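So the structure is just underneath, and the comments pick up after that.
No lab work stands behind these numbers, since they all come straight from the coordinates. Given the structure is predicted, the values throughout are model-derived calculations rather than measurements. In this analysis, Cβ positions are derived from the backbone assuming ideal geometry, glycine residues included, and neighbour counts consider all displayed protein chains.
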Amino acid sequence: MTEPPIRLNVNGKTHDVAAAPDTALLYVLRNDLALNGPKFGCGLGECGACTVLIDGVAARSCVIPIEGCVGRAIVTLEGLGSRDHLDPVQQAFVTEQAAQCGYCLNGMIMTAKALLLRTSHPSETEVLEALRYNLCRCGAHIEITRAVMRAAGHAVEAQG
């Protein structure tokens with residue numbers, strides 16, 4: 001017997017997904033909805049590359065079954081802004097050149113967005129604490145922190 005589709009609200013649109021209820025949200029986002037912002041990193045919820053917002057809270061989509069997402073607002077990187085109108089967090093990451101390989105960026109941006117939704121003007125300590133479980137192997141942490149501080153409206157000194 002085939003299971004009925006599961007209805008998800010992703011980036012403000014309703015999608016009926018034909019997948020098992022215990023399917024990880026990440027797989028549905030990438031494979032069924034062609035949203036490639038969330039990345040597969042560790043598959044264990046440890047690295048943060050797959051982070052999305054669920055009801056405004058940062059969540060690791062690789063370990064969340066879709067059945068737990070019914071009736072909730074899911075936002076991926078693609079849902080924050082567009083090429084012509086970047087979200088302020090996205091724009092700050094561009095301005096600060098806060099990327100090297102870019103693999104961690106989805107998680108960093110989505111975690112930063114969640115932080116700014118709950119704390120509009122966080123301190124640098126709060127930014128560092130929020131991002132501490134998002135792994136970046138390239139070492140772009142200084143630029144990433146500067147980008148989040150910029151997005152929060154803090155003055156950021158020009159790079160020398």
Among Thr76, Thr125, Thr2, rank each residue by its count of other Cβ atoms within 10 Å, from fewest to most, as a rough exposure measure.
-> Thr2, Thr125, Thr76
Highest average packing first - 18-26, 114-122, 52-60, Cβ atoms within 10 Å = 52-60, 18-26, 114-122
Percentage relative contact order, region 73-143, counting C-alpha pairs under 8 Å, at least six apart | 36
Express in nm, to one decimal, how much length is gained between Arg137 and Val70 on full extension, taking 0.36 nm for each residue of separation and deducting their alpha carbon distance.
-> 20.8 nm
For the chain, give the magnitude of the charge dipole about the Cα centre (Cβ charges: +1 Lys/Arg, -1 Asp/Glu; no others), in debye to the nearest 20.
-> 100
Would you pull out the residues with amide H under 5 Å of Arg72's amide H, same chain only if 5 or more places away, H placed 1.01 Å from N?
-> Asn9
Asp87, Asp16 arranged by Cβ crowding within 10 Å, fewest neighbours leading = Asp16, Asp87
Ranked Cys138, Cys62, criterion: other C-beta atoms within 10 Å, fewest first = Cys138, Cys62
Hits for the chain under the membrane-span-like helix rule (DSSP H, Cα axial span at least 18 Å, Kyte-Doolittle mean at least -0.5) are 105-118
